[in-house]
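*Asks:* Please read through the structure below; I'll follow up with questions.
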Amino acid sequence: MRLGINALSLLAIPLNVHVLDTLAEEPLPLAELSRAVGHPPATTTRSHLRNLTELGIVSRERETEFPGAVSYSITSSGRGMLSVVEVLRRWLSAAPDGPLLLGSTGAKSAIKALVDGWSTGLMRVLAARPFALTELSRLLPQTSYPTLERRLTAMRRVGLLEAQRNGASRGTPYEITPWLRQGVAPLCAAAHWEQQFASQQAEPVGKVDVEAIFLLSVPLLELPSSLTGSCRLAVEMRTGSDLQFAGVTASFEAGRLLKCVTQLSSKSDAWATGSTLAWVRSISGHGQQQLDVGGDVELASSIIDGLHSTIELHSSAPAEH
């Protein structure tokens with residue numbers, strides 16, 4: 001499992017989204033809540049509400065006026081999940097074949113394809129360069145060939161991947177689309193929620209997670225044309241008493257990205273280093289104070305600000321509801 005998977009998997013279920021949207025307005029008794037979300041089967045409703053309650057996203061209380069009756073309300077964790085919902089809605093509204101409404105069948109397919117691509121490590125591999133299925137099977141031996149084929153097909157169908165037509169290549173290489181790169185927004189929002197409200201159940205941040213997020217998001221940056229140089233972006237990762245680093249070195253010329261590689265060069269013109277929490281806070285817009293920024297500070301700060309804009313997926317267009 002990769003960071004952010006649990007939260008996004010919850011939001012791939014339309015009923016969970018409808019429950020959160022409904023309870024965001026006001027607490028409701030079970031009967032009224034069921035009516036508001038379209039009268040799904042009682043066993044289905046109770047099962048999903050039980051799961052959301054166990055996760056602390058909604059709370060369940062017995063009503064004193066009507067013995068045996070219960071009501072549900074959204075918690076602070078649920079309010080935090082609504083922030084993930086908004087980022088996810090903005091991402092879905094930018095789908096290549098037209099806006100997708102969160103809670104719809106199309107949105108469910110897109111979220112599942114994103115989650116499956118992230119959980120198997122496909123996104124990390126393809127963020128480096130296009131690969132054909134046979135190559136991916138060798139690079140990801142922990143996932144069976146049929147499973148990889150199904151996930152590639154699903155990702156291509158919803159617009160996360162494109163198939164290259166290259167006669168010189170054996171097989172069909174798959175490359176990620178700009179929309180998949182923008183998928184770092186809901187992934188990071190979901191990971192932030194997990195770290196804040198479900199840290200005990202959340203997966204620890206791994207080297208693959210860090211590299212994938214940077215490799216996907218850095219090419220989206222638009223920096224001022226006055227900026228030229230290389231910058232090391234590193235996340236501190238502790239394994240027991242050992243301190244290791246994961247990240248990328250990105251090189252720019254006149255504001256344009258020249259290359260982004262996972263080698264952490266010690267000869268960079270600028271650098272930004274910090275813990276996972278420091279990076280999450282910085283790219284979420286809570287300031288860069290917890291990051292160690294040095295060298296060409298203007299370059300490093302511009303990259304961090306650009307990552308904030310990318311990962312928050314700021315848009316002038318209203319979110320779909």
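*Asks:* Based on what the data block shows, is residue 268 in a loop (DSSP other than H, G, I, E, B) and either under 20 Å from residue 305 (Cα atoms) or within 23 Å of the chain's Cα centre (by Cα) (or both)?
*Replies:* On the way: in a loop (DSSP other than H, G, I, E, B): yes; either under 20 Å from residue 305 (Cα atoms) or within 23 Å of the chain's Cα centre (by Cα) (or both): yes.
Yes.
*Asks:* From the list 102, 114, 88, which one is under 24 Å from residue 144 (Cβ atoms) and buried (at least 23 other Cβ atoms within 10 Å of the Cβ)? Please lay out each step first, then the result.
*Replies:* On the way: 102 fails: under 24 Å from residue 144 (Cβ atoms); 88 fails: under 24 Å from residue 144 (Cβ atoms).
After ruling out the rest, the residue left standing is 114.
*Asks:* Does any residue of the stretch 152-162 turn out to be under 23 Å from residue 207 (Cβ atoms) and under 16 Å from the mean Cα position of the chain (by Cα)?
*Replies:* The answer is yes, given that some residue of the stretch 152-162 is under 23 Å from residue 207 (Cβ atoms) and under 16 Å from the mean Cα position of the chain (by Cα).
*Asks:* Checking the conditions here, which among 218, 235 is of a type in the set (Val, Ile, Thr), within 24 Å of residue 110 (Cβ to Cβ), in contact with a strand residue (DSSP E or B) (Cβ under 8 Å, 6 or more places away or on another chain) and in the same structural domain as residue 272 (by TED's automatic domain parsing)?
*Replies:* So the residue among 218, 235 that is of a type in the set (Val, Ile, Thr), within 24 Å of residue 110 (Cβ to Cβ), in contact with a strand residue (DSSP E or B) (Cβ under 8 Å, 6 or more places away or on another chain) and in the same structural domain as residue 272 (by TED's automatic domain parsing) is 218.
*Asks:* Right, next: So, in the stretch 192-245, exactly how many residues are of a type in the set (Asp, Glu), farther than 18 Å from residue 261 by Cα and surrounded by 17 or more Cβ atoms within 10 Å (Cβ to Cβ)?
*Replies:* So the answer is 1.
*Asks:* Let me ask you something else. Between residues in the stretch 248-261 that are farther than 13 Å from residue 226 by Cα and residues that are in a strand (DSSP E or B) and basic (Lys, Arg), which pairs lie under 7 Å by C-beta distance while being six or more apart or on different chains?
*Replies:* 249/232; 251/259
*Asks:* Out of everything in the stretch 3-54 that is farther than 21 Å from residue 106 by Cα and under 21 Å from the mean Cα position of the chain (by Cα), what residue ends up being modelled with the highest pLDDT?
*Replies:* Going through the qualifying residues, I end up with 52.
*Asks:* Moving to a separate point now. Report yes if residue 103 is among the small types (Gly, Ala, Ser), at pLDDT 95 or above and in a loop (DSSP other than H, G, I, E, B), otherwise no. Quick ask: steps written out before the conclusion?
*Replies:* Numbers: among the small types (Gly, Ala, Ser): yes; at pLDDT 95 or above: no; in a loop (DSSP other than H, G, I, E, B): yes.
Criteria not met by residue 103.
*Asks:* Still on this structure, please answer the following. Tell me, yes or no, whether the stretch 240-256 has at least one residue that is at pLDDT 95 or above, in a loop (DSSP other than H, G, I, E, B) and not assigned by TED's automatic domain parsing to the domain that holds residue 126.
*Replies:* Yes, the stretch 240-256 contains a residue that is at pLDDT 95 or above, in a loop (DSSP other than H, G, I, E, B) and not assigned by TED's automatic domain parsing to the domain that holds residue 126.
*Asks:* Let me ask something else. If you scan the stretch 52-63, which residues turn out to be closer than 20 Å to residue 85 by Cβ and in a loop (DSSP other than H, G, I, E, B)? Break it down stepwise before answering.
*Replies:* Of the residues in the stretch 52-63, the ones closer than 20 Å to residue 85 by Cβ are 52-59.
The answer is 55, 56, 57.
*Asks:* Would you tally the residues in the stretch 205-231 being in a helix (DSSP H, G or I) and among the hydroxyl-bearing types (Ser, Thr, Tyr)?
*Replies:* Counting residues in the stretch 205-231 that are in a helix (DSSP H, G or I) and among the hydroxyl-bearing types (Ser, Thr, Tyr) gives 1.
*Asks:* Let me ask something additional. What is the residue count in the stretch 297-321 for residues that are in contact with a Leu (Cβ under 8 Å, 6 or more places away or on another chain) and either at pLDDT 50 or above or part of a helix (DSSP H, G or I) (or both)?
*Replies:* Result for the stretch 297-321: 8.
*Asks:* Considering only residues that are under 12 Å from residue 74 (Cα atoms), in contact (Cβ under 8 Å) with a residue 40 or more places away in the chain and not in a loop (DSSP other than H, G, I, E, B), which ones fall in the stretch 20-51?
*Replies:* Answer for the stretch 20-51, where residues must be under 12 Å from residue 74 (Cα atoms), in contact (Cβ under 8 Å) with a residue 40 or more places away in the chain and not in a loop (DSSP other than H, G, I, E, B): 20, 21, 23, 28.
*Asks:* Can you name the residue in the stretch 271-296 that is in a strand (DSSP E or B) and surrounded by fewer than 20 Cβ atoms within 10 Å (Cβ to Cβ) and, of all such residues, is modelled with the lowest pLDDT?
*Replies:* By that ranking, first place goes to 275.
The values are calculated or read from the model by the stated rules, or taken from the named source; none is laboratory data. Since the model is a prediction, treat every value here as computed from it, not as a measurement. Cβ sites come from the backbone with ideal geometry, for glycine too, and all protein chains shown count toward neighbours.
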